[in-house]
Amino acid sequence: MFRDGLKEILNKEKNIQIIDEAENGYEVLEKTENNNIDVVLMDIDMGGTNGIKATKELLTKLPETKVLVLSMHSDSKYIMSMLEAGAKGYILKNAGKEEVIAAINTVASGDSYFSSQVSSKIIEKLYSKRTAIEKLKNREIPLTPRELEVLKLIALEYSNPEIAEELFISIRTVETHKRNLLEKLGAKNTAGLVKYALSNKIID
Amino acid sequence: MSEALKSGKEYNFLLKIIENLPVGVVGFDLQGIVKFYNLKAGDLLNFEKDTESITNRPVLDQIKDFSILHEKINHSLSHNGEAFNIEGIRHGNKYLTIRGRMVMETMVVTINDISRLKEIESHSIYSMLEGQEIERNRLSKEIHDGLGPLLSTIKINLEAINIEIENHIDNEKIKKRLYSVYKLIDTLAQDMRSISHSLMPKVLEDFGVGAALESLCNHLGGSDNMEIHYYDSGFEERLDKSVELNIYRISQELLNNAIKHSGASRINIQYIKHPESIVLMVEDNGNGFDKTRQDHANTGIGLKNIETRTKMIGGTLYIDSNEGVGVTATLEVPLKQ
């Protein structure tokens with residue numbers, strides 16, 4: 001039924017021709033086979049996350065096809081998975097008629113199209129996706145205010161019980177903070193933490 | 001006890017009754033010297049095993065490793081035998097309810113083993129939680145797979161009608177009304193999505209805890225007065241389905257508690273993978289509470305649910321707080337090797 005409404009809108013556009021429609025990932029592959037299709041409008045929910053799998057398979061077979069995702073999911077995981085699968089565009093199901101048509105024309109011409117909500121998610125993810133080492137260098141591992149306090153006291157040679165007393169938290173919590181710091185900063189031991197604190201001017 | 005009673009048959013009769021009570025009983029004077037006790041008390045409080053009897057010896061010596069009880073009795077002794085109650089405290093592998101009362105000149109402490117009750121209670125919470133999840137899942141699927149697509153369909157069909165209207169009718173009033181219908185549909189779709197999301201986020205099923213927590217924090221969004229920060233160590237591997245669901249629910253509950261009760265300006269939630277476990281930490285910088293005054297009698301169904309869920313996935317939960325320094329809740333779940 002959603003497809004019926006969509007068809008009715010797209011049929012009114014002179015430069016868009018609807019070739020076929022598919023119910024699931026299997027039909028997508030079958031119906032794109034010999035049809036010389038420019039753009040495939042792809043949903044994600046076709047039983048599980050089948051749209052992602054279908055996109056990958058479709059683009060392995062027909063790499064020239066432009067896949068435009070039309071989904072209700074705005075979580076970055078879905079968006080990034082679709083991008084990795086090779087989609088050229090991603091719009092949400094609450095998009096208006098103008099946006100759907102603009103998106104189709106844009107991806108057909110070889111460019112990418114993402115609705116504004118989607119692109120801000122992508123930028124956010126690309127920014128945070130750089131490698132841990134790079135982030136470490138740029139001091140981008142976000143330490144919580146409490147972690148910074150703990151790290152500082154470790155670097156000042158406080159023992160766990162002393163840190164606990166100083167910060168009014170239990171020794172057990174201090175130990176967990178310390179273990180988390182080791183993981184987050186990729187340090188092997190306390191010396192590694194002290195080194196990090198020094199080189200990042202957490203203590204003088 | 002009165003001398004008459006002490007010397008008579010009645011005294012022995014009374015001791016026999018005490019000896020066979022299903023609860024632990026220990027009586028001592030205001031100097032803390034034990035006057036009588038039964039085996040059940042010795043058993044529950046782990047009195048010294050190698051001594052014949054602890055009668056006429058200080059009671060406090062017997063409970064050194066039971067700090068809360070030690071403290072209460074000590075306090076009571078120095079306050080003329082003030083009555084005390086300890087509800088459902090954990091001692092070793094048992095849950096005990098302990099009360100102390102002055103009876104004539106003797107402080108009588110009764111110890112009730114409520115482990116079995118606790119077990120039944122936790123079992124019924126478990127069943128309730130399980131039923132709740134099934135129902136949530138069903139509702140969420142119905143919204144997500146039924147109502148959601150239907151609404152998208154209504155909207156796109158309306159768009160198609162709109163094209164006709166635009167071509168044939170030039171009426172500002174109708175256009176305006178149609179526009180407001182669009183807006184209503186969008187609002188409705190958004191509301192439904194957030195209901196479905198809070199019932200059972202699809203992203204949890206599709207991508208796991210990290211993605212679901214990130215999405216949750218995005219949804220909650222924080223406010224001008226309260227920032228919510230999320231961090232995970234970026235691991236992709238999936239855990240057991242029920243483990244994922246329970247970690248997510250525990251996080252949801254801890255976050256909700258922090259948002260509602262902490263008065264914090266900043267909440268940090270972290271989901272960090274360690275070599276042999278996963279650590280979830282929710283920290284806030286709010287009011288906190290004095291954890292030594294909690295007596296382990298955990299209040300509220302919320303915390304009980306969290307504890308039951310923790311038990312279900314073999315994890316440990318530790319809540320640390322002090323007045324003025326916020327609350328730090330840590331959940332650690334061992335990874336299967």
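Any read-out appearing in this document is the output of simple, stated calculations on the displayed coordinates, not a laboratory observation. Just so it is clear, the structure is predicted and the values come from calculations on it, not from any experiment. Virtual Cβ from ideal backbone geometry, glycine too; neighbours counted across all protein chains shown.
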About its Cα centre, what dipole magnitude does region B:80-206 give when the only charges are +1 on Lys and Arg Cβ and -1 on Asp and Glu Cβ, stated in debye to the nearest 20? 220 debye
What are the aspartates and glutamates whose alpha-carbon lies under 15 Å from the alpha-carbon of residue A:201, with same-chain residues fewer than 8 places away excluded? A:140, A:147, A:149
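Please state the shape class of region B:173-295: rounded when a/c is under 1.5, otherwise prolate if a/b exceeds b/c and oblate if not, all from the C-alpha gyration tensor. Please report the intermediate quantities before stating the final value.
Details: a/c = 2.69, a/b = 1.53, b/c = 1.76.
Judged from the Cα gyration tensor, region B:173-295 comes out oblate (a/c at least 1.5, b/c at or above a/b).
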Can you list the aspartates and glutamates whose alpha carbon is less than 17 Å from that of residue A:7, not counting same-chain residues fewer than 8 positions off? A:20, A:21, A:23, A:38, A:43, A:98, A:99, B:159, B:164
Mind checking region A:148-204 for GluC sites (Glu not before Pro) that DSSP puts in a loop (not H, G, I, E or B) and that have at most 13 other Cβ atoms within 10 Å? A:157
Given the pairs A:12/A:93; A:125/B:155; A:93/B:202; B:94/B:311, which are separated by over 27 angstrom at their Cα positions? A:125/B:155
Using helices alone, I'd like the mean residue ellipticity at 222 nm for the protein assembly as shown: each DSSP H run of four-plus residues gives -39500 (n - 2.57), total over residue count, nearest 500. -16000 deg cm²/dmol
Determine ³J(HN,Hα), in whole Hz, for all residues of region B:121-132 in sequence, where each value follows from phi through the Karplus function 6.51 cos²θ - 1.76 cosθ + 1.60 and θ = phi - 60°; x replaces Gly and Pro. 4, 5, 5, 6, 5, 4, 5, 4, 4, 4, x, 4
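Run the dipole for region B:220-293 about the Cα centre, Lys and Arg Cβ at +1, Asp and Glu Cβ at -1, nothing else charged, and hand back the magnitude in debye, nearest 20.
On the way: 8 positive and 12 negative charges, 54 e Å.
Roughly 260 debye for region B:220-293.
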Which one, B:281, B:92, A:52, is farthest towards the positive end of the dipole of the protein assembly as shown when Lys and Arg carry +1 and Asp and Glu -1 on their Cβ? B:92
Exactly which trypsin sites (Lys or Arg not before Pro) in region B:74-104 are in a DSSP loop and have at most 14 other Cβ atoms within 10 Å? none
Using a 10 Å cut-off around each Cβ of peptide B:57-69, what is the average number of partner chain Cβ atoms that fall inside? 0
Loop-resident sites, region B:6-63, for GluC sites (Glu not before Pro), counting at most 14 other Cβ within 10 Å (DSSP): B:48, B:52
In percent, what relative contact order does region B:218-287 have, based on Cα pairs under 8 Å that are 6 or more apart in sequence? 35 percent
Hey, rough spin-label estimate for residue A:123 and residue B:102, points 7 angstrom out along Cα→Cβ, what's it come to in nanometres? 7.3 nm
If each part is reduced to its alpha-carbon centroid, region B:213-228 and region A:145-204 end up apart, in Å, by 27 Å
Please list, or write none, the lysines whose alpha carbon is within less than 23 Å of the alpha carbon of residue B:35, excluding same-chain residues fewer than 8 places away. B:6, B:9, B:16, B:49, B:64, B:72
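How high is the relative contact order of chain B, in percent, with contacts defined as C-alpha pairs under 8 Å that are six or more residues apart?
Working: 445 pairs, mean separation 37.3, N = 337.
Normalised by residue count, the contact order of chain B is 11 percent.
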Measuring from centroid to centroid over Cα atoms, what is the spacing of region A:52-95 and region A:6-48 in Å? 13 Å
Ranking B:103, B:128, B:330 by how far each Cα lies towards the positive end of the charge dipole of chain B (+1 on Lys and Arg Cβ, -1 on Asp and Glu Cβ), the top one is B:103
Of A:19, A:36, A:80, whose Cα points farthest to the positive end of the dipole of chain A (charges on the beta-carbon: +1 Lys, Arg; -1 Asp, Glu; origin at the Cα centre)? A:80
Mean per-residue count of partner chain Cβ within 10 Å for A:2-9 equals 6
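For the pairs B:40/B:118; B:118/B:336; A:31/A:97; A:14/A:56, note any where the Cα-Cα span goes beyond 21 Å.
Details: B:40/B:118 19 Å; B:118/B:336 28 Å; A:31/A:97 25 Å; A:14/A:56 30 Å.
Violating the 21 Å limit, Cα to Cα: B:118/B:336; A:31/A:97; A:14/A:56.
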Compute the angle between helix B:67-78 and the longest alpha-carbon principal axis of chain B, please, reported from 0 to 90 degrees and rounded to the nearest 10. 50 degrees
Alpha carbon centroid spacing (whole Å) that separates region B:93-170 from region B:45-79: 43 Å
